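The values are calculated or read from the model by the stated rules, or taken from the named source; none is laboratory data. Not measured: the values here are computed from a predicted model. When we count neighbours, we look across all protein chains shown, and the Cβ atoms used for this are built from the backbone with ideal geometry, even at glycine. All accessible areas refer to the heavy atoms of the entire protein, side chains included, with ligands and DNA or RNA removed. Shrake-Rupley method; radii C 1.70, N 1.55, O 1.52, S 1.80 Å.
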Amino acid sequence: MDEDSRYEAVRSRDARFDGAFFFAVETTGIYCRPSCPAVTPKRRNVRFFATAAAAQGSGFRACRRCRPDAVPGSADWDVRADVVGRAMRMIGDGVVDREGVAGLATRLGYSARQVQRQLTAELGAGPVALARAQRAHTARVLLQTTDLPITEIAFAAGFASVRQFNDTVRAVYAATPSEVRTAAPRGRDARRATPGTGIPLRLAYRGPYRSGEVFDLLEREAVGGVEEMSGEPGRRTYRRTLRLPYGTGIVAVDERTGAPKAGPAAHPGGWLDARLRLSDPRDLTTAVQRLRRLFDLDADPYAVDERLGADERLAPLVAARPGLRSPGAADAAEPAVRALVGRAEAERLVRQYGKTLDAASGSLTHLFPEPAVLAGAEPGGTLGALAAALADGTVRLDPGADRDDAAAALLALPGMDPAVVAVIRVRSLGDPDVAPPGRDDVSDAWRPWRSYALQHLDAARESEPA
């Protein structure tokens with residue numbers, strides 16, 4: 001889009017572009033999302049930015065009315081396979097907070113200077129600024145949804161010092177941390193963390209979202225001890241355990257009721273309600289990003305549906321299920337093992353080798369076994385080879401992994417089935433354009449959304465009478 005097209009999106013308050021770009025108003029010093037309900041500023045006073053971090057770096061503060069930091073992430077970062085897309089996925093996963101820019105660059109296979117140059121040239125902000133914007137958002141969530149002391153929140157959000165935390169919050173929100181906390185909703189609509197329930201979250205998405213099909217898939221695949229689904233269709237709750245960099249977590253996500261209608265005006269977006277219990281609050285940012293990948297919340301359903309809806313065969317399927325998503329993974333190694341061994345065998349591995357939670361939560365009792373544990377416990381066969389490769393880094397499935405390199409490394413393992421590799425590309429690597437071998441019903445005209453096309457074909461097959 002050129003700047004005139006972006007301004008038209010702002011004038012029409014088009015929520016389809018929330019997260020795709022941000023605009024700032026020079027006369028007020030505030031930046032917003034395109035759908036901000038405030039009075040549209042004059043064109044000569046508007047500047048556009050690719051990221052919130054770039055707007056913050058230019059001295060603008062976040063709008064308190066539209067909360068631009070809470071929008072879904074740009075779909076580009078999930079689709080793109082270049083260094084910028086890979087870097088953005090890794091920054092979202094908290095790599096810069098844990099390992100610094102040097103660690104990010106090492107994972108990408110570039111020098112720190114090259115990573116800085118490429119991100120700044122395209123996005124207007126380097127990795128430190130992008131991570132800082134993410135930390136500010138995490139801090140606001142913790143301030144407004146928990147009663148943690150402010151000092152604890154500073155370090156839980158990833159800041160190196162309380163002073164850095166205070167300065168960043170004031171710069172981004174034009175308020176002190178205490179004032180941000182005081183501004184949180186109170187009364188009937190307040191959503192606060194309470195003992196045993198965890199941190200309340202609203203996981204935003206853009207456009208229509210077919211939660212029923214996503215929850216159906218998760219229910220069919222649920223591995224006992226690690227996952228559970230409760231409730232009736234339309235009112236289900238999905239719960240699972242999470243292994244995170246600093247500790248463990250248990251998340252509950254509620255199914256979004258209501259059938260979506262076609263058209264951006266009818267469905268500017270929404271959210272999934274979730275509760276997240278963490279043993280260490282420093283894992284909040286990483287946990288949220290992994291849930292977003294699991295539920296495919298950063299996708300652009302308008303782009304997907306436009307391309308697939310133009311195909312004669314897929315058009316009625318897209319019309320019947322607008323906003324159908326292609327779920328990913330909360331832990332990249334887990335679906336790789338599950339795709340190889342199947343659900344029943346995965347449950348056995350959980351019982352025998354999964355780490356037992358310190359305190360069970362309903363039927364959730366274990367974490368899925370780590371690759372290093374599986375490699376030592378069952379070293380033979382394809383499972384042993386896969387686990388060993390994941391453990392020693394021969395196969396990388398993290399958010400910044402090169403998808404083609406990962407697929408080649410997987411195919412080099414003894415006994416690995418190309419069909420299993422295709423599943424791993426979709427679920428672990430979040431590849432939106434996978435055509436499994438042997439599927440003659442997949443058309444190249446569906447690129448770059450063949451993974452979504454297969455979801456439509458499978459959903460239609462599931463809905464057919466037995």
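Select from region 415-451 the residues that are open to solvent by less than 20 Å² (accessible area, probe 1.4 Å) and of a type in the set (Ser, Thr, Tyr) and list them in ascending order. Matches in region 415-451: Ser428, Ser451. Checked against (1) at pLDDT 90 or above; (2) under 22 Å from Ala332 (Cα atoms), Val79 passes all but condition (1).
In region 44-58, the residues that are under 13 Å from Asp2 (Cα atoms) reach residues that are in a helix (DSSP H, G or I) with C-beta atoms within less than 6 angstrom, at least six apart or across chains, in these pairs: Phe48/Glu3; Phe48/Arg6; Phe49/Ala55; Ala50/Leu123. Scoring Gly393 on the criteria (1) of a type in the set (Gly, Ala, Ser); (2) open to solvent by 30 Å² or more (accessible area, probe 1.4 Å); (3) under 19 Å from Arg290 (Cβ atoms) leaves a single failure, condition (3). Might you check whether a residue that is at pLDDT below 90, open to solvent by 20 Å² or more (accessible area, probe 1.4 Å), over 26 Å from Asp167 (Cα atoms) and out of contact with any Pro (no Cβ under 6 Å at 6 or more places or on another chain) occurs anywhere in region 82-91? Within region 82-91, one or more residues are at pLDDT below 90, open to solvent by 20 Å² or more (accessible area, probe 1.4 Å), over 26 Å from Asp167 (Cα atoms) and out of contact with any Pro (no Cβ under 6 Å at 6 or more places or on another chain).
Any residue in region 35-47 that is basic (Lys, Arg), out of contact with any helix residue (DSSP H, G or I) (no Cβ under 7 Å at 6 or more places or on another chain), farther than 26 Å from Ala175 by Cβ and surrounded by fewer than 22 Cβ atoms within 10 Å (Cβ to Cβ)? The answer is yes; a qualifying residue exists. If you take the residues of region 368-415 that are acidic (Asp, Glu) and not in a helix (DSSP H, G or I), which of them is modelled with the highest pLDDT? Result: Glu370. Residues in region 70-81 that are out of contact with any Lys or Arg (no Cβ under 6 Å at 6 or more places or on another chain) and either surrounded by 19 or more Cβ atoms within 10 Å (Cβ to Cβ) or in a helix (DSSP H, G or I) (or both): 7 in all. Filtering Ala121, Ala105 for residues that are crowded, with 17+ Cβ neighbours inside 10 Å and without any contact (Cβ under 8 Å) to a residue 12 or more places away in the chain leaves a single hit, Ala105.
The residues listed here are Arg293, Arg307; of these, the one that is open to solvent by 30 Å² or more (accessible area, probe 1.4 Å), of a type in the set (D, E, K, R), touching a Phe, Trp or Tyr at 6+ places or on another chain (Cβ under 7 Å) and in contact (Cβ under 8 Å) with a residue 60 or more places away in the chain is Arg307.
Only one entry of Leu397, Leu340, Leu357 meets the criterion of being hydrophobic (A, V, I, L, M, F, W, C) and within 22 Å of the chain's Cα centre (by Cα), and that entry is Leu397. Gly59 meets all of the listed conditions (1) surrounded by fewer than 24 Cβ atoms within 10 Å (Cβ to Cβ); (2) closer than 25 Å to Leu291 by Cβ; (3) at pLDDT 90 or above but one, namely (2). For region 322-331, state whether one or more residues are over 25 Å from the mean Cα position of the chain (by Cα), at pLDDT 95 or above and within 27 Å of Leu278 (Cβ to Cβ). Scanning region 322-331, I find no residue that is over 25 Å from the mean Cα position of the chain (by Cα), at pLDDT 95 or above and within 27 Å of Leu278 (Cβ to Cβ), so the answer is no.
In region 410-431 there is no residue that is of a type outside the set (Asp, Glu) and in contact with a His (Cβ under 8 Å, 6 or more places away or on another chain). Considering (1) in contact (Cβ under 8 Å) with a residue 60 or more places away in the chain; (2) within 18 Å of Asp78 (Cβ to Cβ); (3) assigned to a helix (DSSP H, G or I), the lone condition that Leu429 does not fulfil carries the number (3). Checking each residue in region 184-202 for being modelled with pLDDT of 65 or more, surrounded by fewer than 18 Cβ atoms within 10 Å (Cβ to Cβ) and touching a Leu at 6+ places or on another chain (Cβ under 9 Å) picks out Ala184, Arg202.
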